[in-house]
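All of the numbers you see were taken from the coordinates with simple rules; none came from a lab. Given the structure is predicted, the values throughout are model-derived calculations rather than measurements. Please note: Cβ atoms are built from the backbone with ideal geometry, for glycine as well, and neighbour counts cover all protein chains shown.
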Amino acid sequence: MRLQSNTEYLEKLQFHRIMLAAEDLVPEKSHNITLVTDNVNIGAINLYCEGVGDYENVSVEGKEYMTALFNGSRCDLFVWFKKAENSTNAFDMLVVPYDINVLSSDTDGNVFFNIWLNTSCCLSNVFVEIRSTSMDSSLIANFTLSTDLSYNILSYRRSAEIELTDVPKGDHLIRFKVQVNSLNGAFLVNGRVTQKDMHTVQTVCFLDGQNVSASQFLTFDYSTAELTFIQSVNPWSYAYSETESYCLNYTAPKKCILRIDLNSREQIDFLIINSPIKSVSIVGCEYYDNPCYEIDLELEEDSSIMLGLTLRNKVWLLRPTIMQLSDIPASIKETFTHPSSSIDGQFIDANNPLVQSLAKQVIQNESNPYFIAYSLYQNLTANKQYNETFPSEYASATLQHHQGVCRHFARAYAALCMSADLPVRTVVGTAFSFLNETWKKNHEWDEVYLPRYGWVTLDPTWDKFGILSNKHAFSTYWNYVEKTLNVTKPSSDLLARAKMQSQTTLKRLIDFVQTKIGHKKVGNFETLLDQAEAAGKNGYTHEALLEIARAYTSGVQETSGSLTAIFQAVSTMLLIVTSLLVFYVFRLRRKIVQMSKGS
């Protein structure tokens with residue numbers, strides 16, 4: 001029988017957990033594990049066991065009692081804390097680009113990246129693992145690294161692990177070249193350090209009623225987000241990773257807008273509009289600097305709409321060392337350090353003395369824009385409390401009381417950045433955090449401007465920095481939702497049927513564009529419409545909508561160009577005719593005057 005206990009910290013998710021693992025117990029017998037902790041806030045409890053199991057959590061005089069009841073020879077009990085203040089950070093780890101081939105596979109199958117390691121004290125050993133998320137167990141063929149630290153290579157296959165020995169306090173760089181047997185895939189990069197006698201959470205453990213001593217080691221586990229690599233020759237500033245698909249059902253008014261993302265991060269899988277379409281107008285534009293088409297629809301009546309949407313994670317690969325405040329364009333800095341640049345700027349009181357004082361206290365003499373942005377983010381998210389009834393709308397009040405909802409935290413972060421002279425803006429969009437429910441709500445987050453990267457997403461409410469998650473959509477659907485929006489997960493059967501039914505909507509749009517522009521025979525719009533129809537029949541709704549938009553805008557531009565040319569020609573002709581008339585009138589008047597004098 002063996003019972004082990006450790007506490008883990010995941011950097012990206014910013015939480016701690018205790019794991020109790022009981023192994024080699026007497027099988028086919030009931031067992032119980034109890035964990036007792038002092039003065040902690042429990043966020044969640046998970047239980048995994050061989051047989052039937054259950055758990056209960058009881059609070060008594062500041063102590064939390066968590067008991068798992070189970071059958072079998074093994075049980076894992078996980079207890080998650082609400083706050084990350086229960087342990088000391090041993091190190092920070094950041095995976096960053098390597099030269100120009102950032103997380104990209106070259107023709108020889110090599111993937112390059114760096115790991116920056118910042119240690120707050122001297123460490124005897126640090127373990128770094130590069131783990132493939134592919135099911136191909138032989139994805140990693142070999143790897144090499146370059147660092148001034150002492151290390152041992154422990155293993156490599158699907159997982160490559162090294163041990164760094166005697167790591168001094170400070171910043172350290174590890175350069176990796178990993179040879180893979182694929183041109184695309186994904187990695188997770190994890191770090192772990194073990195230190196003695198650094199428990200800050202007091203715990204007592206019982207197994208089957210008897211006290212069992214927990215391990216005297218505290219283990220910190222750091223994990224990056226999944227990093228996707230593909231063959232590339234361009235410098236990378238971000239990567240796409242996991243996708244999530246949604247089915248949106250809502251009632252739209254007679255006049256509504258459909259936004260089509262040109263980058264296809266927000267991909268429309270199907271579109272079913274039940275009402276006949278009276279008119280369509282399409283323009284190319286940008287929404288928060290994201291290129292898109294806006295399709296303005298006029299329907300004959302309010303219509304139920306079913307829309308399939310797939311979103312992808314967008315993860316920025318940020319290198320702090322290549323950024324300087326002086327690299328920020330003057331026009332960006334002048335505009336986006338003022339509250340009026342945000343949609344709710346009247347509540348971003350960046351000049352409030354409390355905001356100014358807090359920003360100065362956090363950043364002190366820091367001049368690197370990345371560390372300014374990240375330090376302000378960490379300070380804001382460290383002790384925030386979600387409160388739907390928080391009465392004040394001003395950023396200063398949120399910073400004073402550490403309470404609010406998404407809009408409050410987004411404004412508070414914007415105010416801090418503006419006080420630090422760092423460009424920032426709030427973003428109002430959609431976040432699909434609740435499924436299978438009828439709801440209608442906005443979500444708000446921030447974008448901070450970092451030189452060489454542009455606008456980088458962070459969400460202080462969801463504790464995400466440098467990540468636009470696959471639950472965030474820039475489109476604010478309730479701008480044209482008449483009543484409420486119901487969001488569900490589409491099944492494979494629904495997806496297949498909805499793509500088939502989408503052909504009817506696409507055909508209506510194609511026919512409308514054909515009728516409006518077709519008789520003018522301009523440009524290659526007919527080819528684009530043929531491609532749209534073919535894409536729709538093969539289930540590529542998003543691509544079909546893009547081709548329809550391109551056909552319409554190119555046809556309108558060429559038509560308007562032709563009309564302009566005709567107008568210019570007519571104007572020139574009228575000018576010539578007018579000039580001739582003036583000339584003949586002038587000659588006629590002279591002749592009349594001469595005749596009158598002669599008489």
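Annotations for the structure displayed:
- The relative contact order of the range 277-329 comes to 27 percent, based on Cα pairs under 8 Å that sit 6 or more residues apart.
- Stretching the chain fully between residue 56 and residue 181 yields a gain of 40.3 nm (0.36 nm per residue, less the alpha carbon separation).
- Residue list for the range 353-377, given a label point 7 angstrom along the Cα-to-Cβ vector of residue 92 and an amide N cut-off under 19 Å: 358-377
- Rough spin-label spacing in nm, given labels placed 7 Å along Cα→Cβ, for residue 401 and residue 147: 4.6
- Sites residue 206 and residue 257, calculated FRET efficiency, Cβ-Cβ separation with R0 56 Å, nearest 0.05: 0.40
- FRET efficiency, 1/(1 + (r/R0)^6) with R0 35 Å, evaluated for residue 32 and residue 161 via beta carbons: 0.50
- Length released on extending from residue 488 to residue 340, taking residue separation times 0.36 nm less the Cα-Cα span: 49.6 nm
- Backbone geometry of the range 500-508 corresponds, through the Karplus equation with coefficients 6.51, -1.76 and 1.60 at θ = phi - 60°, to 3J(HN,Hα) couplings of 5, 5, 5, 4, 5, 5, 4, 5, 4 Hz, x marking Gly and Pro.
- Rg/Rh for the range 345-391 stands at 1.02; both radii use Cα atoms, and Rh follows the Kirkwood definition.
- Kirkwood-based Rg to Rh ratio, the range 319-465, C-alpha trace: 0.96
- Amide H contacts under 5 Å for residue 464: 459, restricted to partners 5 or more places along the chain or on a different chain, H placed in the peptide plane at 1.01 Å from N.
- Among 411, 74, 192, a tally of other beta-carbon atoms within 10 Å of each Cβ gives an order, fewest to most, of 74, 192, 411.
- Per-residue ³J(HN,Hα) for the range 347-364, Karplus 6.51 cos²θ - 1.76 cosθ + 1.60, θ = phi - 60°, Hz, x for Gly and Pro: 9, 9, 8, 5, 8, 4, x, 5, 5, 4, 5, 5, 4, 5, 5, 6, 8, 6
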